[in-house]
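Asks: Quick one: the structure is below, questions incoming.
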């Protein structure tokens, strides 16, 4: 299996998530990664990694390689579903040290 895919002449690395871990971008700029469970109108994140800050690369580079960012451990999070702007599925160990 190839590790990359070509779209419009650009090469992109394939991410093959195995579980339910995702990077979630919320309103007001908060970005967290965690194992996601949705119950009623709430999003529960466990094994949370807070994407605190980054520079010199774009968001796609952070998704591809979390070592490009300052990522900090965080307590589990319980938040309303309507604060989620979008999510990106990632591997089970994304952002875990």
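Asks: Per DSSP helix of 4 or more residues, -39500 (n - 2.57); summed, then divided by the residues of the chain. What does that give at 222 nm, rounded to the nearest 500? Please report the intermediate quantities before stating the final value.
Replies: Details: 1 runs with 6 residues, N = 97.
Result for the chain, helices only: -1500 deg cm²/dmol.
Asks: Follow-up question, since we're still on this one. Taking Cα atoms of the stretch 17-89, Rg/Rh with Kirkwood Rh, to two decimals?
Replies: Details: Rg = 11.8 Å, Rh = 12.5 Å.
Rg/Rh: 0.95.
Asks: Let me ask something additional. So how far apart, in nm, are the two label points at residue 64 and residue 97 if each is 7 Å from Cα heading toward Cβ?
Replies: The two pseudo-label positions are separated by 2.4 nm.
Asks: Okay, next question. Return the FRET efficiency for the residue pair residue 37, residue 8: r is the Cβ-Cβ distance, R0 is 30 Å, and the value is rounded to the nearest 0.05. Don't skip to the answer; put the middle values down first.
Replies: Values: r = 35 Å, r/R0 = 1.18.
After rounding to 0.05, the efficiency reads 0.25.
Asks: Please work out how much length the chain gains when fully extended from residue 75 to residue 55, using 0.36 nm per residue of separation minus the C-alpha to C-alpha distance, in nm with one decimal. Each step should come with its number before you reach the end.
Replies: Working: separation 20, 0.36 × 20 = 7.20 nm, distance 2.44 nm.
Going from the current span to full extension adds 4.8 nm.
A short reminder: the numbers here are calculations on the coordinates, not readings from a lab. None of these values were measured; they are calculated from a predicted model. Reconstructed Cβ throughout: ideal geometry from the backbone, glycine too, with neighbour counts over all protein chains shown.
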